[in-house]
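Enquirer: The structure's right below; bear with me while I get my questions together.
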Amino acid sequence: MIEWMHPGLIFILGALLIPVLKGKWKKTYLLLLPIAALIDLLYMSKGVFWRLPLLEYELVFGRVDQLSLVFGYVFVIAAFCMTLYALHVKEDGQHVSAFLYVGSTLGVVFAGDLFTLYLFWEVMAFSSLFLIWYRKTKASSEAGFRYILVHIFGGICLLAGIILHLQSTGSIVFDSFNWGTGWGYLSSYFIFVGFIINAAVPPLHAWLSDAYPEATVTGAVFLTAFTTKSAIYVLIRGFPGVEILIWMGAIMAVYGVIYAVLENDIRRVLAYHIISQVGYMVAGVGIGTWMALNGSTAHAFCHIFYKALLFMGAGVVIEMTGRSKFTELSGLYKYMPLTFWLYMIGAFSISGFPLFNGFVSKTMVVESAALSHLPIIWLMLEGASIGTFLSIGLKVPYLTWFGKKEKEPVVEAKAVKEPPKNMLAAMGITAFLCVFIGMYPQALYRMLPYAVDYAPYTASHVIGMSQLLLFTFVAFWLLRRMLHGTPTITLDTDWFYRIAGKKFIWFCEKPLLDFANSIDKVPKDIANSFVWFSRNPTAASRIMVLTIGAVVVRPFDPTSTRYERDLEELRRLYPGESVHRVAIGTGVLLVLMFFTLYLLIYLTHGILWV
Amino acid sequence: MEIEKKYLFRMLYVCLAASVLAGVLVHVFMPSHAAFLWQAIPGFSAIYGFVGCILIIVVSKALGHHWLQREEDYYD
């Protein structure tokens, strides 16, 4: 009897059957798989399962504790909503890669050792790549290549760290790593870099804002949830309380906000706000108190739902209008009011309005910064909330659904309307979950890894947040003209591998190749001179002697041209006759001389050497 | 549409006033432990929200215009 079925395996093995099924059966099957995984999770007992011996090590596929369970729940529930959203997609490949992606993320979450972690880490990177490539545009194919190159680099860092860790400790158990300064912690540093690349910590974040907006409409919804949040999970496991993460997280939160103000693409704005929101979680891991770790976990949980909802809304706009830039959008409210309101629930949630789920999780991280007496961090995180509401709650809806009067709806002639029912239903369920957790936070708090001693709905929290967001609106309204989209792109750290990369290739093709060629030339010239010499060694030697003679004589007799004339003649005739003819008698004489020499040695060697 | 807009703005003003008033009342009648200096200022969140939002817009736009924003075909 199978004591415990890996929920990731349900997705991974389940994905194999997708191409076989057709029509209604396929749709039912797609929705049943996440439900099956959720039931499996609900009946799962805590403990360590599925240990497989490998050489002298033990692989652990199922480490089930409260922390891995929370992440397991949210991933599986989100997978259900996202699959419903993507149900109308005809290409089986998209479903297969999405399911492999979800399954491998669950593999990461339940991995109890570093080898298993690494295995699923790589599957996650490669399966998600296809969600970008299936968009089938030039931009998506290029962005996909950059995406996978960054993740391969991250994977190599992780692997290097794991090997160093194994060498120094002899263990592959995945637990919190040692942290400090010095060469002794090199393995931890490598693993750390591997993790924070997936968590999109600047300056290693550009893969996210580069690739997610180029993914397919439904694929992007999947992408928002799994890679970054599984990175938060492994950071909570591996590096809780590592101080540098506090600053990284706070900088991330503000960084995403600033770029989101500048961006002109609806999904790129949302992508920068993934970075910003993950910043709260990273900061929470760095603070490392129970409350902060709870806050990071809770915020990851809530974030997955509202960010999926926001990407679903943006995806609907792209699907129905074929446009994604603010400079080409406006006035959609008339055509899709329902999408607008569902999007706004996501926007209120991410901004942390009371009664929405962002409020019950984000304030937990911010509050733990206050309790740990980190004033600047507190100001940065609270300030990022302002920017979140500004971009997601005000700029995006204003420019997409309303917009300038003088520029009436810029939409295609084809009737722009509400999206297919499955997309609306998916948004509805996700929106319901956002509001439900916002109104009934205990449902979430009970699942958290540590005991929760935090009440979100105190008068000062509610009033403080309301003031913050209401006055953000006032400032937005005064400066709204500054926020209109401009047809530009914003440089980010991907510049280094996009421009510097091009320059590097140029360097390899031009100066480096020239240098290599010049090095190559020396042995070639030497070889050529041997070839030249061996064509006619006698004549060649004469040429060489005469050349030297000419050089030696010139200083004493500058008018002499004797050598030059001979040299010219010799060079002209070279190689000329290949052999000097001699009389046959000379040859016979040489042979006789050789034999005589031999005879002499033969006769005398007894006397001379013995 | 015009009437609706007027109505919405009136509602906004009411909300703004209510939030500030409630903040002051809570500050006076339910004084809580302030972790930071500025939390002793009544209505700090309102000020921070307003000033912070203007700062974010102005600083981002300045960074964008002078440094970060380029033509769309920059990488092509």
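Read-outs: derived from the displayed coordinates by stated rules, not from any lab. Predicted model, so just to flag it, every value in this text is computed and none were measured. With ideal geometry, Cβ positions are generated from the backbone for all residues, glycine too; neighbour counts draw on all protein chains shown.
Enquirer: How large is the dipole of chain A about the Cα centre if only Lys and Arg carry +1 and Asp and Glu carry -1, each at its Cβ, rounded to the nearest 20 debye?
Expert: With Lys and Arg at +1 and Asp and Glu at -1, about 1540 debye.
Enquirer: Follow-up. To the nearest 0.05, what FRET efficiency results for B:Tyr75 and A:Asp557 with a Förster distance of 60 Å applied to their C-beta separation?
Expert: Step by step, r from the Cβ atoms, then E = 0.30.
Enquirer: How much FRET efficiency would the formula 1/(1 + (r/R0)^6) give for A:Lys417 and B:Trp38, where r is the Cβ-Cβ distance and R0 is 51 Å, rounded to 0.05? Write down the numbers at each step before the final one.
Expert: On the way: r = 49 Å, r/R0 = 0.96.
That pair, A:Lys417 with B:Trp38, gives E of 0.55.
Enquirer: Sticking with this one: Averaged over peptide A:472-479, how many Cβ atoms belonging to another chain are found within 10 Å of each residue's Cβ?
Expert: On the way: counts 8, 6, 8, 9, 5, 3, 4, 6.
Per-residue shielding by partner chains comes out at 6.
Enquirer: Right, another one. When the scattering of chain B is computed by the Debye formula from its Cα atoms alone, each counted once and equally, what is log10 I(q)/I(0) at q = 0.12 Å⁻¹?
Expert: Cα-only, vacuum Debye calculation for chain B: -0.62.
Enquirer: For A:Lys334 and A:Arg51, what does the FRET efficiency come to when R0 = 60 Å and r is the distance between their Cβ atoms, rounded to the nearest 0.05?
Expert: 0.50
Enquirer: A follow-up question, please. So between A:Ala527 and A:Ile607, what do we pick up on full extension, going 0.36 nm a residue minus the alpha carbon distance?
Expert: Additional length available on full extension: 24.2 nm.
Enquirer: Then there is this: Grab the other residues whose beta carbon is less than 14 angstrom from that of A:Trp378, score K and R as +1, D and E as -1, and report the net. Spell out each step's value before the answer.
Expert: Values: positive: A:Lys362; negative: A:Glu367, A:Glu382.
Summing Lys and Arg as +1 and Asp and Glu as -1 gives -1.
Enquirer: Could I get the Rg over Rh figure for the stretch A:536-579? Both from C-alpha atoms, Rh via Kirkwood, rounded to two places.
Expert: 1.04
Enquirer: Mind listing the phi-derived Karplus ³J(HN,Hα) values for the stretch A:597-607, rounded to whole Hz, using 6.51, -1.76 and 1.60 with θ = phi - 60°, and x for any glycine or proline?
Expert: 4, 4, 4, 4, 4, 4, 6, 9, 5, x, 6
Enquirer: Taking the Cα centre of the stretch A:1-238 as origin, sum charge times position over the Cβ atoms of Lys and Arg (+1) and Asp and Glu (-1), and report the length of that vector in debye to the nearest 20. Spell out each step's value before the answer.
Expert: Numbers: 14 positive and 13 negative charges, 155 e Å.
Dipole about the Cα centre, nearest 20: 740 debye.
Enquirer: Right, another one. Taking amide hydrogens as modeled 1.01 Å from N in the peptide plane, which residues meet the under 5 Å criterion relative to A:Gly352, leaving out close sequence neighbours?
Expert: A:Gly358, A:Phe359
Enquirer: Still on this model: Quick one: net charge of A:Lys325's neighbours, Cβ under 11 Å, K/R +1, D/E -1?
Expert: Net of charged neighbours comes to -1.
Enquirer: Give me the inter-chain shielding for B:68-75: mean count of other chain Cβ atoms within 10 Å, whole number please.
Expert: For this peptide, the per-residue mean of nearby foreign Cβ atoms is 6.
Enquirer: Please give the charge dipole size of the stretch A:469-519, origin at the Cα centre, charges +1 on K and R Cβ atoms and -1 on D and E Cβ atoms. Round to the nearest 20 debye.
Expert: Taking the Cα centre of the stretch A:469-519 as origin, the dipole is about 260 debye.
Enquirer: Treating the angle as unsigned and between 0 and 90°, give the value, to the nearest 10°, between the Cα long axis of helix A:66-85 and the longest Cα principal axis of chain A.
Expert: Roughly 90 degrees, rounded to the nearest 10.
Enquirer: Quick one: helix B:44-63 against the long Cα principal axis of chain B, what's the angle to the nearest 10°, folded into 0 to 90?
Expert: Computed tilt is about 10 degrees.
Enquirer: More than 49 Å apart: what percent of Cα pairs in chain A qualify?
Expert: The answer is 29 percent, as a whole percent.
Enquirer: Can I ask one more? Hey, got the average number of other protein chain Cβ atoms within 10 angstrom for residues in A:377-384?
Expert: On the way: counts 0, 4, 4, 0, 0, 5, 7, 2.
Going residue by residue through A:377-384 and averaging, the value is 3.
Enquirer: Let me ask something additional. Among A:Ser529, A:Ser140, which comes first, then next, by fewest other beta-carbon atoms within 10 Å?
Expert: Fewest-to-most Cβ neighbours within 10 Å comes out as A:Ser529, A:Ser140.
Enquirer: What does the helix-only formula give at 222 nm for the protein assembly as shown: each DSSP H stretch with n ≥ 4 adding -39500 (n - 2.57), the total divided by the residues, and the result rounded to the nearest 500 deg cm²/dmol?
Expert: So the helix-based figure for the protein assembly as shown works out to -23000 deg cm²/dmol.
Enquirer: Based on the mean of other beta carbon atoms within 10 Å per residue, what is the order of A:211-217, A:515-521, most packed first?
Expert: Values: A:211-217: 26.4, A:515-521: 10.0.
So the peptides A:211-217, A:515-521, ranked by packing, come out A:211-217, A:515-521.
Enquirer: By per-residue mean of other Cβ atoms within 10 Å, what is the highest-first order of A:117-124, A:194-201?
Expert: Packing proxy ranking, top to bottom: A:194-201, A:117-124.
Enquirer: Which distance in nm do the two modelled labels at B:Ala18 and A:Trp477 give, with both placed 7 Å along the Cα-to-Cβ direction?
Expert: According to this spin-label approximation, the distance is 1.5 nm.
Enquirer: How far is helix A:217-238 tilted off the main Cα axis of chain A, in degrees rounded to 10, range 0 to 90?
Expert: 80
Enquirer: Then there is this: For a quick protection proxy, order the peptides B:46-53, A:532-539, A:252-259, A:416-423 by their average other-Cβ count within 10 Å, most packed first.
Expert: Numbers: B:46-53: 22.2, A:532-539: 14.1, A:252-259: 25.4, A:416-423: 16.4.
Highest mean packing first, the order is A:252-259, B:46-53, A:416-423, A:532-539.
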